[in-house]
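Visitor: Can you keep this structure in mind? I'll have questions shortly.
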Amino acid sequence: MPKQVDHIGDLKPDPTNPRIHSPRNIGMISDSLRKVGAARSIVIDENDVILAGNGVIDAAAEAGIEKVRVIEADGDEIIAVRRTGLTDEQKQILSYFDNRTAELASWDAQQIVADLDAKLDLSGMFYEEELLGILDKAASAAPDLDDLATQYGEPQERDFWPFIRIQVSPDTLDYFYSLMEKAPGVDGAAKVQTLLEAVDVSLFDTGLS
């Protein structure tokens, strides 16, 4: 018999959740909960781990919604939430919120790579070009300076900072991106390391700035 769950604090986030919820994404879900209340259900497993709806629970805490009602299901029936008490305008707003908040979340490329390495079958979910687009976008994403400062501390005199800024021509940048697309490696750092080992960096017309 599963234990009683009636508070969002009893639920556990999915440690392998492949979706990334930005502050704007969580904020919009929170706004929707404040304006029209909760409507869509989430999915949890027998251990109270959230399989679908991690962002909703984060936003619910922000919006002050803490109660949970668990409906037991075995997958043989559709669970429909009948949401009452909404005006016609609120019903239309709920529809917009439901679709727009889904668009604002993004994919965690590292988790996708880990799942693919573990032979998780994602066939039929992504076209090949879509999957490559997610992985390439993550690989080419620039590091956040605040995150680097938090991880490594502020640079001190004569210390090496873990990144370097360079100024290059547009043609050189396009050439670099084409090399990055073809370079082996899971993430951007691995690809760059491969390139540095294989390419004469003097070929790049770089200027430190």
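No lab work stands behind these numbers, since they all come straight from the coordinates. Note that the structure is a prediction, hence the values are computed from the model and not measured. Here Cβ is always computed from backbone atoms with ideal geometry, including for glycine, and neighbour counts include all displayed protein chains.
Visitor: Can you return the lysines within cross-link range of residue 3? Criterion is Cα-Cα under 16 Å, with same-chain partners fewer than 8 residues away left out.
Guide: Output for residue 3: 12, 67.
Visitor: Test of understanding: ordering 179, 11 by Cβ neighbours within 10 Å, fewest first, what list do you get?
Guide: If I rank by nearby Cβ atoms, fewest first, I get 179, 11.
Visitor: Now for a separate question. If I stretch the segment between residue 117 and residue 99 completely, what's the gain in nm (0.36 nm per residue apart, minus their alpha carbon distance), one decimal?
Guide: Working it through step by step, the gained length comes to 3.4 nm.
Visitor: Would you list which lysines come within 16 Å of residue 137, measuring only between C-alpha atoms, while excluding same-chain residues fewer than 8 positions from it?
Guide: Qualifying lysines at Cα under 16 Å: 182, 191.
Visitor: Can you list the HN-Hα couplings for the range 33-41, worked out from phi with the Karplus curve (6.51, -1.76, 1.60; θ = phi - 60°), rounded to whole Hz and with x for Gly and Pro?
Guide: 5, 6, 7, 10, x, 6, 9, 6, 7
Visitor: With the cut-off at 21 Å, report for the range 1-124 the share of all Cα pairs above it, as a whole percent.
Guide: 47 percent
Visitor: In what sequence do 136, 6, 98 fall when counting other Cβ within 10 Å, fewest first?
Guide: 6, 98, 136
Visitor: Kindly rank 13-23, 71-81 from highest to lowest mean number of other beta carbons found within 10 Å of each residue.
Guide: Highest to lowest by the protection proxy: 13-23, 71-81.
Visitor: Here's another thing I want to ask about it. Among the lysines, select those whose C-alpha is under 17 Å from the C-alpha of residue 91, and discard any that sit fewer than 8 residues away in the same chain.
Guide: Of all the lysines, those that pass the test against residue 91 - Cα under 17 Å, at least 8 places apart if same chain - are 35.
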